[in-house]
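Inspection log for the structure reproduced underneath, given as structure tokens.
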Amino acid sequence: MRDELNALVLAGAKRATTGLLGEYAAEDERLEHVGERLALLDNQGLAVAALEITGVEVKAFDEVTWEHAAAEGEGDADLDAWRAVHRRFWSGEGTPVENDTPVVCLAFRVADRPAVASSSA
């Protein structure tokens with residue numbers, strides 16, 4: 001799954017992602033912030049790109065907009081389909097999602113690709 005999602009990011013189709021706020025607390029992680037750079041890792045743990053966070057919103061699951069869902073670039077036909085896929089995924093991970101479950105909506109852009117940067121040096 002990581003390879004597929006990374007390919008969407010690198011192609012520019014995936015510019016957003018959504019996570020459960022509860023996972024941040026469980027992993028003792030702070031929320032990302034606008035301007036923060038994160039490494040996009042492949043299955044071997046190697047950086048394939050640097051992402052820059054361009055937006056961070058915490059909202060209830062049922063308040064996620066189609067604009068954000070579509071920016072995830074995973075081919076969902078509409079907001080209902082996006083919600084169904086995400087509910088199924090998180091339920092499969094052991095966390096059932098209700099309409100009021102808090103989620104973190106991240107928007108990002110590809111800021112750098114290490115392979116490109118190193119070949120031009």
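Here, each number is a calculation from the coordinates, and none is a lab measurement. These numbers were taken from a predicted model, which means no experiment stands behind them. Here the Cβ is made from the backbone with ideal geometry for all residues, glycine too, and neighbour counts use every protein chain on show.
Between Leu38 and Asp78, how high is the FRET efficiency from 1/(1 + (r/R0)^6) when r is the Cβ-Cβ distance and R₀ = 22 Å? Nearest 0.05. E(calc), rounded to 0.05, equals 0.15. How high is the FRET efficiency from Val58 to Arg113, r the C-beta distance, R0 22 Å, rounded to 0.05? Between Val58 and Arg113 the formula returns 0.15.
About the Cα centre, and with charges only on the beta carbon of Lys, Arg (+1) and Asp, Glu (-1), how big is the dipole of the chain? Nearest 20 debye, please.
Details: 11 positive and 23 negative charges, 86 e Å.
Once rounded to the nearest 20, the dipole reads 420 debye.
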